[in-house]
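Data first, discussion second: the structure below is written as structure tokens.
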Amino acid sequence: MKKNLKNLKKIFLPTCLAFLFFSSCSTENEAINDTEINAIYAKTSSKSDYVVLLKNESIPDGFETEMESLGATVKSMIPEIGVAIISSTETISSKIATKAKVRSVVPDFNVQWIDPELYPEASPLSIGSDEPFFDYLWGMDAIDAPEAWNTGQTGSGVRVAVLDSGIDAEHPDISPNLNTSLSASFIDGEDWNVADGFYFNHGTHVAGTIAAADNEIGVIGVAPNAEIVAVKVLSEFSGSGPFSSINAGIVYAALIDADVINMSLGATFNKNGFITLEDGSVTKVPAKYISEIRHAQQRAIDFAYKNGTTIVVSAGNGGANFDGNGSTTKLPASLNNVISVSATAPYSWAEDPTTDLDVPASYTDYGKSHVTVSAPGGDFDSPSSLWYYDMVLSTIPGGWSWSAGTSMASPHVAGIAALIIGKNGGEMNPHEVTKQLTGTADKIDGNGVSAYHGKGRVNAYRAVTE
């Protein structure tokens, strides 16, 4: 994996990389990190969107008519988990909250990438060996993906829903495995297929790591024969999306029988209600808003989990220790029934391909109570002039490029989950998938649970052979 490094910039199209993670919200005393993402909430007397969480996980007959009689407009509903999104004023929403069947009414928080920094632009013989850029996929080496492929496991018969900012449907590494008929968008005015134009697209990069095709073009994914479904829950232009879209996307993925959901996204909230506004100032909202947002997303995740979907999520990019930090919650990584993934990376790999590939990334969130497993996410802290080779190479619209973050670690794990399920005949209980992932992970930091690696760094070969 050390050939042709000096020629790589001649091979790739111009790059635009960001080590991005979908959201964060600072605590009252916490400095805002502009490589993270802050939850946005603006109080207004005019109409805005609210989430109505009903006491029962269903929508009663006549609900829409009742909302209209009170002066609210029902924009959409997720009947499977008892959630509706309404356009309303603060006064009207307060009245709705008093209704007997209503558990709560809270603002539909929006999350947004803040000023992402931009950057210029393995193994035994296997099915990946004939991919032109395979030698630069140090992450596949780290998780023993080629060894797993050599056992015949490639994720065939497994469906993976990529909840993200859409996917480039025409990309030659993506299109062979993309189910266009099931792909859908939950972002108003945007198609799931990203618009024409050469720029970094987060969802396309994530999808390539999961299941870029074995086609002698570009790169190869962890599960190169798995089916991908694009479920757009973030805007491809702003990188933002409301929680209601994410929850609707989770339910949709379960309804189309997705075996795996990958969510390289998240938001950090202070349970006491401190959030960051669009102008960067910190304010306080009722703590109940935070608890109800958490409750609604847990409902969506539980629905998918009970329907047989394994849910893999990013641990976060804030470099924070979540052990003993009871005032802070990360959605969805802090919720039940998810696999939370931290990021690892080499240090100056281009100069020394034998270097340790399992160093915790400089930005990764961590904590024994927070991390399930670790996986390659890349980093950018090497002083080497070739530092960007420490990042993760994958697909972007019109080409291939590098990026780093727990957003890049999560799809490595989603891909291994697809390999496990494929070996099991294409159907497997999420609890058993998690048990197999954690039970076969390599112990990187002692024999117990590690703050940075959880149960260990995932190993694709062991996952399909033990």
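The values are calculated or read from the model by the stated rules, or taken from the named source; none is laboratory data. Remember, it's a predicted structure, so these values are computed and weren't measured experimentally. As a convention, Cβ positions derive from the backbone with ideal geometry for all residues, glycine included, and neighbour counts pool all protein chains shown. What goes into the accessible areas is simple: the full protein's heavy atoms, side chains included, and nothing from ligands, DNA or RNA. Shrake-Rupley method; radii C 1.70, N 1.55, O 1.52, S 1.80 Å.
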Being in a loop (DSSP other than H, G, I, E, B), under 32 Å from the mean Cα position of the chain (by Cα) and surrounded by 16 or more Cβ atoms within 10 Å (Cβ to Cβ) is the filter here, so list the residues in segment 58-88 that pass it. ILE59, GLY82
Being farther than 18 Å from PRO242 by Cβ, of a type in the set (Asp, Glu) and open to solvent by 10 Å² or more (accessible area, probe 1.4 Å), is that true of even one residue in segment 258-267? yes
Does LEU437 satisfy the condition of being open to solvent by less than 10 Å² (accessible area, probe 1.4 Å) and over 25 Å from SER165 (Cβ atoms)? yes
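Being at pLDDT below 95, over 18 Å from HIS205 (Cβ atoms) and of a type in the set (D, E, K, R) is the requirement here; does ASP356 meet it?
On the way: at pLDDT below 95: no; over 18 Å from HIS205 (Cβ atoms): yes; of a type in the set (D, E, K, R): yes.
Against the criterion (at pLDDT below 95, over 18 Å from HIS205 (Cβ atoms) and of a type in the set (D, E, K, R)), ASP356 does not qualify.
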Flag for ALA333 being open to solvent by less than 20 Å² (accessible area, probe 1.4 Å) and out of contact with any His (no Cβ under 7 Å at 6 or more places or on another chain): no
Are any residues in segment 445-466 more than 20 Å from SER334 (Cα to Cα), in a loop (DSSP other than H, G, I, E, B) and open to solvent by 60 Å² or more (accessible area, probe 1.4 Å), and if so, which ones? ASP445, ASN447, GLU466
Would you check if LEU255 is surrounded by fewer than 22 Cβ atoms within 10 Å (Cβ to Cβ), modelled with pLDDT of 95 or more, among the hydrophobic types (A, V, I, L, M, F, W, C) and out of contact with any helix residue (DSSP H, G or I) (no Cβ under 7 Å at 6 or more places or on another chain)? yes
If I ask for residues that are of a type outside the set (Asp, Glu) and within 24 Å of ASP302 (Cα to Cα), which ones from segment 75-96 would you list? LYS75, SER76, MET77, ILE78, PRO79, ILE81, GLY82, VAL83, ALA84, ILE85, ILE86
Need the failing condition index for ALA248 against (1) outside any helix (DSSP H, G or I); (2) modelled with pLDDT of 95 or more; (3) over 18 Å from ALA414 (Cα atoms), just the number. (1)
Hey, can you tell me all the residues within segment 186-209 that are hydroxyl-bearing (Ser, Thr, Tyr) and modelled with pLDDT under 95? TYR199
Matching residues in segment 345-379 (over 16 Å from the mean Cα position of the chain (by Cα) and not aromatic (Phe, Trp, Tyr)) number 20
Check on TYR363, open to solvent by 30 Å² or more (accessible area, probe 1.4 Å), among the aromatic types (Phe, Trp, Tyr) and not in a strand (DSSP E or B): no
When TYR389 is run through (1) open to solvent by 10 Å² or more (accessible area, probe 1.4 Å); (2) over 20 Å from the mean Cα position of the chain (by Cα), the failure sits at (1)
Matching residues in segment 280-323 - criterion: being among the aromatic types (Phe, Trp, Tyr), outside any loop (DSSP other than H, G, I, E, B) and open to solvent by less than 50 Å² (accessible area, probe 1.4 Å): TYR289, PHE303
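Could you go through segment 180-188 and let me know if any residue there is part of a helix (DSSP H, G or I) and surrounded by fewer than 24 Cβ atoms within 10 Å (Cβ to Cβ). If you could, list the steps in order and put the result at the bottom.
Initially, segment 180-188 is screened for residues part of a helix (DSSP H, G or I), giving none.
Checked segment 180-188: no residue is part of a helix (DSSP H, G or I) and surrounded by fewer than 24 Cβ atoms within 10 Å (Cβ to Cβ).
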All but one of (1) open to solvent by 10 Å² or more (accessible area, probe 1.4 Å); (2) more than 30 Å from ILE275 (Cα to Cα); (3) among the small types (Gly, Ala, Ser) hold for SER369; state the number of the condition that does not hold. (2)
